Every structure is written in C-alpha cells, then in structure tokens.
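Some notes on the structure that comes next.
Just so it is clear, none of the values below were taken in a lab; they were calculated from the coordinates. Remember, it's a predicted structure, so these values are computed and weren't measured experimentally. No Cβ is skipped: glycine too gets one built from the backbone with ideal geometry, and neighbour counts run over all protein chains shown.
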C-alpha cells in the first residue's frame, strides 16, 4: 500500500488491522483482535489479557510496521451468554511511512459481538470492529482519515473458521484513483488450526481475499502457514510464513520504498493472563 497520496494512503493500511496479539491464533503479526475476544467464557463473566512481541505486524498479509517489530496487547471481556467486547493495540508505521505529514504511530481496535456454539462442534460469531488511529493529521487540504468500521460474521466447525468482514466506511482512508469511495469493501478469510499432538505444537493455515469496492486493482489474496508451541505458563512462541499476490505498486511505502506485501517469515512470543 503506497500512502504517499490520499488514494494510496488507504491501501497501505490494509496490513494494519491485524490479528490481535492474543490471537496469533488470528494473526500472529498478521494479527486479528476479535478472535481473541470471542472465546466462550467458562465463568459467567471472564476478563483476559494478552501481550506479545512480533518481528512484523502483518494484517491481511500486508506489513503495518514497515517490516519492523511490533509490540501488541489487549483486554477481552466475555459473558457466558456469548457476548464479548475488547480493546487491542499495536505500534504501526504505515500511515507516516506513506505520508510524512502525518504522525499516527498507534492502532487501536475496539470490538464487540456475540459468539456461541449453536450445535455440537458448530459455532457462530457476529460483531463489529472499529479501527482507530490516534495522531496528528494534515489540516486545510483534504486528507482521508484511515479510521475504519467493519461488521463481521463467522461460522466455525471444530478448529476451522470461515469469516467475512464488510467495511461500512471508507476502507482505511482509501479512495480510487478517480476519487471513488471504497466503502462496502469486503474480506473473506478461511483459517484452520490443528493440534499436532507432539511437543506442544499446533499448526495453522490461512487463506483470505480482500475486495476493494470501486478499486479492484488494489484487491489481492493472502495466505499463511505457521506453527506455534505452548511453552507453559500461558506463553506461546510462533513462526509463520506469510505471502500475498498483491500488486506491489499499490503496497509500497512512499517514504522508505519498502514493498509491504512481499513474502516474509514472522516470529513472535506472546502471553495470556
């Protein structure tokens, strides 16, 4: 995503949302917050927290930190009824990497929804997620704020989840080259995890596709293969190969020239409380 201009600015941000740190499960620096929050509470009301350090923050396959490390963490509140809410945050650089007039080094995600096992082994999850980027933005000239709101719906069978997210606002500030709005863009995500049963290892596989409304050239498919190991005491170490087929001209940071959509290996260490 090249954010040198208003048009390119929204693109670079795709990498940002991420799977939340608590959800390497969800992203592992491809980070994805709602997944961490959606666990079914064993007690009437459960509060959990997570913190993690990752070699890169990848969101939907795109680097949100200019291929640099990220510190991430959040809090989740879950009720036995299936209702949940949470907040998650990470350092980012994609906004300023694309436009030096902007200072917005933090991503904050606020989310809430309902997740429940409706029949044995089958789970549904619906909710909303607000991506918020506090900072200093240009005044006077037109600048599209990257703040984005998405609704999502997912169905899970055992450890396989199919999820669709739909933006109700302009997608991370992105407008098409001819100035058209990118609201009503969508992302489809299929993720599966598998407990290998050896040495505390679990495997994860993911494939997703981003559609950009009124700007099809910015759409792309991303995929991930990874392993995680339970170290005990709620510590987890993870490694994942992440790649995309995104058009590099739309996902290159203007200030650094780094291609944010190229294949990489992301390693991380996280802890839940």
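How big is segment 172-273 by the Kirkwood estimate over distinct Cα pairs, in Å?
Working: mean 1/r = 0.0629 Å⁻¹.
Answer for segment 172-273: a Kirkwood hydrodynamic radius of 15.9 Å.
In plain terms, the residue of 125, 178 with the fewest other Cβ atoms within 10 Å comes first and the most crowded comes last, giving 178, 125. Each listed q (0.11, 0.14 Å⁻¹) maps to a log10 I(q)/I(0) for segment 35-167 from the Debye sum over equal C-alpha point scatterers, namely -0.47, -0.73.
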